[in-house]
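A short worksheet on the structure shown next.
The values are calculated or read from the model by the stated rules, or taken from the named source; none is laboratory data. This is a predicted model, so every value here is computed, not measured. Glycine gets a Cβ as well: all are built from the backbone with ideal geometry, and neighbour counts include every protein chain shown. These accessible areas exclude ligands, DNA and RNA; they are computed on the full protein's heavy atoms, side chains included. Shrake-Rupley method; radii C 1.70, N 1.55, O 1.52, S 1.80 Å.
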Amino acid sequence: MPKLTIDGTAIEVEAGLTVLQACELAGAEIPRFCYHERLSIASNCRMCLVEMEKSPKPIASCAMPAADGMVIHTDTATVRKARKGVMEFLLINHPLDCPICDQGGECDLQDQAMAYGFDRSRFNENKRAVADKEFGPLIKTVMTRCIHCTRCIRFATEVAGVEELGAIGRGEHMEVVTYVDKMVTSELSGNIIDLCPVGALTSKPYAFAARPWELRETESIDVSDAVGCHIRIDARGREVMRVLPRLCEEINEEWISDKTRFAVDGLRRQRLDRPYLRKEGKLTPVGWPEALAAVGARLTGSAPQRIAAIAGDLADVEAMMALKDLMQALGSPHLDCRQDDAPFDPAARASWLFNTTIAGIEQADACLIIGSNPRWEAPIVNARLRKRFLRGGFKVAALGPKVDLTYGVEWLGASPGTLKDLADGQGFAEVLKAASHPMLILGAGAVARPDGAAVLGLAREIAERCGMVREGWNGFNLLHTAAARVGGLEIGFTPGAGGRDLQRILAAAGAGEMEVVYLLGADEIDMTRLGRAFVVYQGHHGDAGAHRADAILPGAAYTEKDATYVNMEGRPQQTRLAAYPPGEAREDWTIIRALSDAVGRRLPYDNLVQLRRRIHEAYPRLGRLRAIEPAAWQTFGAETAAVTGEPFRSPIENFYMTDPIGRASETMAACTERLLGRRGTGTHG
Amino acid sequence: MSVDRGFEQPASFAFTPEIRAKADAAIAKFPKGRQASAILALLDLAQRQSGGWLPRAAMEHVAEILGMAPIRVYEVATFYTMFNLRPVGRYHVQLCRTTPCWLRGSEDLATLCKRKLGIEPGGRSADGLFSLVEVECLGACVNAPVVQINDDFYEDLDPARLEAVLDGLAKGERPRAGSQVGRQGSAPQGAASTPSAPGE
């Protein structure tokens, strides 16, 4: 471990650190543009110059390995002069357009120019101007502002795994481009906006929308997939302006997917902002008392056996808990949160968790992906798989439709029959057996099918026979796509004794045996199968469920409530209210609480604290925020012979539109059209 | 750098079998897994096969052979000025304008080229025979001024001598490369001589 002296303080650092990292540890702040902890070192901006004794010139600290006996000075006249010189060169061709630049107020160059900038220009020659590039519907480019730090290029190449960005030309003619005017096609492309230290790459949908000092920042959790990325929601007044990632080493590091970042404009469109009742075949706006009374009358007027509830993909734990309590109070056992019809048993917790954990992927050395396209189903998990792959010694095989996962994959075809071979120890199973930390990822789509229980059973056999489950390591992982699913399973939002599951609820509704079906944000089921049942839709968007509904109770989106979601690892996390719900919409659990009054079975909680206490008493795990409790291994899944020959498919047909928010978003519609080359199919206007 | 606009790109490109063999020989010089190191050799072969310039299809072909992303090939091709990304004439005239050549009259050569070929630097004559660019030092300062035409250096030029060279090329001849005043290599002009020792 090298010992060095930084600004007169002796410090011992880990071997392999750079001088810049050592300086940070010693508490000295080093300005930088090109250096980024999660990217390779380029060392081309030269802003991080420091003075090293016995070196005739200042050194670029980001690229210099810390070595024993170094004496570093980070704040001497020479260092300041050197940095000022670098800054002057950087500013030679940088336009003075901060007043019309979206980066203004959160710009590294602006901030550092305050410290090291020169107050006038000595450069009288021509300034260069660069044509702007078309990076697609998400990223706006003003390439004259580019200072060639190459962070975006390194991110695309290393983290996102799409070699589409590059620097062409050289010297003054250098430009950052995509290969001949192609768009950036990564699901993580928005992160280059955050990485860009200047205003060259900014958010296109957010262009000229707000200034950073006008925004109210709220730390929250994303619900666009089951990863539960840590995000920061920036709102102005009642409007959510943008979403940015927050640092979280266990989950998303500092990246988020484009859907997380850009779907927020969907929060402004197609919103349900007042209750509706269907009168004479038409949805008519009504007040809360009338709506609650009408729904309450339906609920009390129906036999408990003829009432059912289905929770959708964005439902929070509090709302599901309240709805479950209400259904129990009414005496109905028919409830299901498995909107995709996956055969998960709430008791077999290990069967529906991402047991390895997302950070745990980095310990694995072999991985089998079954019926999943992690690049679309959970881009952050895919980035972690790629990160592990780049370190080497990581063999991946996949069953399912062939897609570019951004790392080397051995494709085993899409037939489930191959699973039996793997369970018998053939083919890739040899690799898994030889690995010290083997893992498998079972897609939600691979079990959401008629023979899903059998597939689950086969996957369990493979996990057991390939040594994936042992003390201290669980390599069995289920990759969920819905933010609500794990939370729903944790609180057992599944059929009670004698209750019907999703398929049988729908069948009963179609046969006229269900009088009331309560949809808690459930939009992804086949609405035509609900027959003549009275459908109550509680949710925030006028999507499929609301179109079918006979009564609409407007709820809050994830940015508008304090709510708990459990991510695919089983990690309970809480969103925070960043903006109030529009119009008369209310937080979801309060609607159910009000409804319980209307049916004369008041739920025993009057505020969120009491409701959460109720949840934590019944399910103590959910009270330990951000903590993971490993699931005990047990036998699950059905008789494996029942697996059919039906090839695996990914449950996601369009990455950008998987939930009502994405389907309402204009940005996501533009992505669908331009990046996937399809017409938008959502309910967007 | 909008280098590849305003002209037609061929739809496809593939190495001829002979050139492919040369390309494979170049790739074989590098260890397995490091075949991308052969990129300069392959781009050069591709440029020669397509008549002195690199169409996009050729870069994509090279990228495919070497297992690289097209953007990586594009980066290399735009970095080196000896790769031409737009069509050039059959004779690509590179006029040196760095100080030694300039002192020895390269401006007169430029004037002659512009008059004779009817094009500005960066242009290509209407018949497709000549293209002209000004370049920095070609490294033959001893025999300045120098002009490189395709692979040959023409040295010790003046407007009349360059005109003769260009005329010869236009007629389909191949004028003798090297010094146009007949000296061998960069040997002293006139009789052989040695510098006198100090004090002699």
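Odds and ends about this structure:
- On inspection, A:E24 passes the criterion of being open to solvent by 20 Å² or more (accessible area, probe 1.4 Å) and in a helix (DSSP H, G or I).
- The set of residues from segment B:74-84 being assigned to a helix (DSSP H, G or I) and within 9 Å of another protein chain (Cβ to nearest Cβ) comprises B:Y74, B:E75, B:A77, B:T78, B:F79.
- In segment A:84-131, the residue that is least open to solvent (accessible area, probe 1.4 Å) out of those that are of a type outside the set (V, I, T) and within 14 Å of chain B (Cβ to nearest Cβ) is A:R128.
- Of the residues in segment A:319-332, at least one is modelled with pLDDT of 95 or more, under 29 Å from A:I652 (Cβ atoms) and open to solvent by 10 Å² or more (accessible area, probe 1.4 Å).
- One residue stands out among those in segment A:38-66 that are open to solvent by 40 Å² or more (accessible area, probe 1.4 Å) and over 30 Å from A:E172 (Cβ atoms): the one that is farthest from the chain's Cα centre (by Cα), which is A:K54.
- Count of segment A:132-160 residues which are within 12 Å of another protein chain (Cβ to nearest Cβ) and either open to solvent by 20 Å² or more (accessible area, probe 1.4 Å) or among the β-branched types (V, I, T) (or both): 5
- Some residue of segment B:123-131 being over 22 Å from B:G89 (Cβ atoms), touching a residue at least 40 places away in the same chain (Cβ under 8 Å) and not β-branched (V, I, T): no
- Checked against the criterion of being assigned to a loop (DSSP other than H, G, I, E, B) and over 30 Å from A:R388 (Cα atoms), segment A:347-369 contains one or more residues that satisfy it.
- Selection within segment B:159-184: residues that are open to solvent by less than 50 Å² (accessible area, probe 1.4 Å) and of a type outside the set (A, V, I, L, M, F, W, C). The member of this set that is nearest to the chain's Cα centre (by Cα) is B:G178.
- Meets criteria (over 17 Å from A:A463 (Cα atoms), free of Cβ contacts under 8 Å to residues at least 60 places away in the same chain and β-branched (V, I, T)) for A:V396: no
- Among (1) more than 26 Å from the chain's Cα centre (by Cα); (2) within 14 Å of another protein chain (Cβ to nearest Cβ); (3) part of a loop (DSSP other than H, G, I, E, B) - the single one A:S186 does not satisfy: (1)
- Sub-8 Å Cβ pairs linking a first residue in segment A:644-663 that is part of a helix (DSSP H, G or I) to a second residue that is crowded, with 23+ Cβ neighbours inside 10 Å and among the charged types (D, E, K, R), at least 6 apart or interchain, are A:P660/A:D523; A:P660/A:D543; A:G662/A:K259; A:R663/A:D543, ordered by first then second residue.
- Residue count, segment A:267-291 (criterion: among the small types (G, A, S) and at pLDDT 95 or above): 2
- The one condition from (1) in a helix (DSSP H, G or I); (2) touching a residue at least 12 places away in the same chain (Cβ under 8 Å); (3) more than 14 Å from chain A (Cβ to nearest Cβ); (4) open to solvent by 10 Å² or more (accessible area, probe 1.4 Å) that B:P87 does not meet is (1).
- Within segment A:178-194, considering residues that are at pLDDT below 95 and among the aliphatic types (A, V, I, L, M), the one nearest to A:F389 (Cα to Cα): A:V184
- Every condition in (1) free of Cβ contacts under 8 Å to residues at least 60 places away in the same chain; (2) of a type outside the set (A, V, I, L, M, F, W, C); (3) closer than 23 Å to B:P87 by Cβ is met by B:P175 except one, and the failing one is (3).
Here's the yes/no breakdown for (1) under 22 Å from A:A378 (Cα atoms); (2) modelled with pLDDT of 95 or more; (3) assigned to a loop (DSSP other than H, G, I, E, B):
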| residue | (1), (2), (3) |
| --- | --- |
| A:L478 | yes, yes, no |
| A:A483 | yes, yes, yes |
| A:V486 | yes, yes, no |
| A:L489 | yes, yes, no |
| A:F493 | no, yes, yes |
| A:G499 | no, no, yes |
| A:G512 | no, no, yes |
| A:Y518 | no, yes, no |
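- Exactly one residue among A:V198, A:V130 is under 26 Å from A:L244 (Cβ atoms), part of a loop (DSSP other than H, G, I, E, B) and aliphatic (A, V, I, L, M), and that residue is A:V198.
- When segment B:40-54 is limited to residues that are part of a loop (DSSP other than H, G, I, E, B) and farther than 24 Å from A:E172 by Cα, the one that is nearest to the other protein chains (Cβ to nearest Cβ) turns out to be B:S50.
- Those residues of segment A:628-663 which are small (G, A, S) and over 18 Å from the mean Cα position of the chain (by Cα), in sequence order: A:A631, A:A632, A:G637, A:A638, A:A641, A:A642, A:G645
- Those residues of segment A:166-177 which are facing chain B (nearest Cβ under 7 Å) and assigned to a strand (DSSP E or B), in sequence order: A:G166, A:A167, A:I168, A:E175
- Restricting attention to segment A:419-442, the residues that are over 14 Å from A:V469 (Cβ atoms) and surrounded by fewer than 19 Cβ atoms within 10 Å (Cβ to Cβ) add up to 9.
- Note on segment A:389-403: residues that are outside any loop (DSSP other than H, G, I, E, B) and open to solvent by less than 30 Å² (accessible area, probe 1.4 Å) total 4.
- Matching strands (runs of 3 or more DSSP E) fully within segment A:526-625 where at least 2 residues are touching a Ser or Thr at 6+ places or on another chain (Cβ under 7 Å) and touching a residue at least 60 places away in the same chain (Cβ under 8 Å): A:563-566, A:572-575
- Residues of segment A:451-489 satisfying the condition of being charged (D, E, K, R) and either surrounded by fewer than 24 Cβ atoms within 10 Å (Cβ to Cβ) or touching a Pro at 6+ places or on another chain (Cβ under 7 Å) (or both): A:D451, A:E461, A:E464, A:R465, A:R470, A:E471
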